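Asker: For reference, the structure I am asking about is given below.
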Amino acid sequence: EAGVTQSPTHLIKTRGQQATLRCSPISGHTSVYWYQQALGLGLQFLLWYDEGEERNRGNFPPRFSGRQFPNYSSELNVNALELEDSALYLCASSLEGRYYGYTFGSGTRLTVV
Amino acid sequence: RKEVEQDPGPFNVPEGATVAFNCTYSNSASQSFFWYRQDCRKEPKLLMSVYSSGNEDGRFTAQLNRASQYISLLIRDSKLSDSATYLCVVIFYSGGYQKVTFGIGTKLQVIP
């Protein structure tokens, strides 16, 4: 069974640009979660999508947004990039929005210069 | 007070030593608890769940102390390969809403 896959692995952007990160959940999972892990900080919850709807979002500004497609894959968009957006962005998936113990993708390392 | 607190370490221990980490949580209604392991520049991977009765998986033992609101992870006979950051996760459920909170992680370095 394929795990959670994320792309790209690395992304370098300049300040003010937009970044798009992608996530494919484990087959059969309907919920996708996005987390940010900045250097020296813990995992910060960004967004939760389930059945195509945004169910919850963390304490991040509106320039962090995303969507979930009919095949349950998801996209995270970060607009007007700032240097402090540099971080590892992790995606996880689960069944029906319940936490069973996340399996994370390998992440996208975003660097803003 | 933070919702979930961990000593970031690093804990430097010799091979073969026993080491224990704690993770305290502030919400007494939290219901589920887990430990993750994260290697440098990699994604976190689920290590083990934490049950009320405590649970063991080989050299790893996880325990929950609800009265004092902390969970612990004990590693016996430390191996070099145990060097990683250990994250605790605390889950709170209420009426279909769930809140998943990760600790900052405790870094373990096992020394030859």
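The values are calculated or read from the model by the stated rules, or taken from the named source; none is laboratory data. These numbers come from a predicted model, not from an experiment. So basically every Cβ, Gly included, is an ideal-geometry build from the backbone, and we count neighbours across all protein chains shown. For the accessible areas, the whole protein counts, side chains as well, though only heavy atoms, and no ligand, DNA or RNA atoms are used. Shrake-Rupley method; radii C 1.70, N 1.55, O 1.52, S 1.80 Å.
Asker: Can you pull out every residue in the range B:41-66 that is within 11 Å of another protein chain (Cβ to nearest Cβ), open to solvent by 80 Å² or more (accessible area, probe 1.4 Å) and part of a loop (DSSP other than H, G, I, E, B)?
Answerer: Once the filter is applied, which keeps residues that are within 11 Å of another protein chain (Cβ to nearest Cβ), open to solvent by 80 Å² or more (accessible area, probe 1.4 Å) and part of a loop (DSSP other than H, G, I, E, B), the range B:41-66 yields B:R41, B:K42.
Asker: Taking the conditions exactly as written (among the polar types (S, T, N, Q) and facing chain A (nearest Cβ under 10 Å)), does B:Q38 satisfy them or not? Please lay out each step first, then the result.
Answerer: Working: among the polar types (S, T, N, Q): yes; facing chain A (nearest Cβ under 10 Å): yes.
Considered against the rule, which asks whether it is among the polar types (S, T, N, Q) and facing chain A (nearest Cβ under 10 Å), B:Q38 comes out as yes.
Asker: With the requirement that a residue be hydrophobic (A, V, I, L, M, F, W, C) and more than 14 Å from B:N22 (Cβ to Cβ), what does the range B:55-66 give you?
Answerer: Of all residues in the range B:55-66, those hydrophobic (A, V, I, L, M, F, W, C) come to B:60, B:62, B:64.
Within the range B:55-66, just B:F60 meets the criteria.
Asker: Are there any pairs with C-beta distances below 8 angstrom linking a residue in the range A:70-82 that is in contact (Cβ under 8 Å) with a residue 12 or more places away in the chain to a residue that is aromatic (F, W, Y) and surrounded by fewer than 15 Cβ atoms within 10 Å (Cβ to Cβ), with the two at least 6 apart or on different chains, and if so which?
Answerer: A:E75/A:F69
Asker: Of all the strands (runs of 3 or more DSSP E) wholly in the range A:20-113, which have at least 1 residues that are open to solvent by 20 Å² or more (accessible area, probe 1.4 Å) and within 12 Å of chain B (Cβ to nearest Cβ)? Outline the logic, then answer.
Answerer: Numbers: elements: A:31-37, A:43-50, A:53-57, A:64-68, A:74-78, A:87-94, A:108-112.
Output list reads A:31-37, A:43-50, A:53-57, A:108-112.
Asker: Further, regarding this structure: If we keep just the residues of the range B:67-87 that are assigned to a strand (DSSP E or B) and open to solvent by less than 30 Å² (accessible area, probe 1.4 Å), which is farthest from B:L108 (Cα to Cα)? Full working, then the answer.
Answerer: Step one: of the range B:67-87, the residues assigned to a strand (DSSP E or B) are B:70-75, B:84-87.
Applying the additional criterion that residues be open to solvent by less than 30 Å² (accessible area, probe 1.4 Å) yields B:71-73, B:75, B:84, B:86-87.
Details: B:I71: 17, B:S72: 14, B:L73: 12, B:I75: 10, B:A84: 5, B:Y86: 8, B:L87: 11 Å.
So the residue we want is B:I71.
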